[in-house]
1. Accessible area per residue, 1.4 Å probe, Å², for the chain: what's the number?
2. May I ask you to give the percent of accessible area on the stretch 3-62 that is carbon plus sulfur, with a probe radius of 1.4 Å?
3. Would you tally the net charge around Asp62, using a Cβ to Cβ cut-off of less than 11 Å, leaving Asp62 out, and scoring K and R as +1, D and E as -1?
4. To the nearest 10 degrees, how steep is helix 4-17 against the longest Cα principal axis of the chain, on a 0 to 90 scale?
5. Compute the long axis of helix 45-57 from its Cα atoms, compare it with the longest principal axis of the Cα atoms of the chain, and write down the angle in degrees, 0 to 90, nearest 10.
6. How high is the relative contact order of the chain, in percent, with contacts defined as C-alpha pairs under 8 Å that are six or more residues apart?
7. Tell me the Kirkwood hydrodynamic radius of the chain in angstroms, computed as one over the mean inverse distance between distinct C-alpha pairs.
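The values are calculated or read from the model by the stated rules, or taken from the named source; none is laboratory data. Here the structure is a predicted model, which means the values were calculated and not measured. Note that each Cβ is placed from the backbone with ideal geometry, even for glycine, and that neighbours are counted across all protein chains shown. Only protein heavy atoms, including side chains, enter the accessible area calculation; ligands, DNA and RNA are left aside. Shrake-Rupley method; radii C 1.70, N 1.55, O 1.52, S 1.80 Å.
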Amino acid sequence: MSSPQKSLMLMLAERISAAHVGGLEAYFTEDFRLHDPAAPEWPRGAAGAQHMLSSFMALGDDVRLRVLDMVEEGDKLAVRWQVSFTREGVRHRAAIMAIYRFDGGRI
């Protein structure tokens, strides 16, 4: 059985893979923060969510995001992702591990 948080992640993966990212920032809270030492000045809230989604789409052509594993504990959800895309005719694949905190059904 999938929780609302897990269902949201699956929906995000589907929308990103279909290149339909418009409006997805509504699923992120006003205080959303990307904690990444390589991106210390990342914007917060909807602007940060839009920037993150745009970054996925800028990877290349045919971006696909797939959930490999999810582990949920309370208001947190750990997700192991696989992202694949084509750039300059070469198919690339990478793994991403992220932990999300939910508040009122939003990230």
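1. 62 Å²
2. Result for the stretch 3-62: 56 percent of the exposed heavy-atom area is carbon or sulfur.
3. My count for the surroundings of Asp62 gives +2.
4. 20 degrees
5. On a 0 to 90 degree scale, this one is about 30.
6. That works out to 25 percent.
7. In the chain this quantity evaluates to 14.4 Å.
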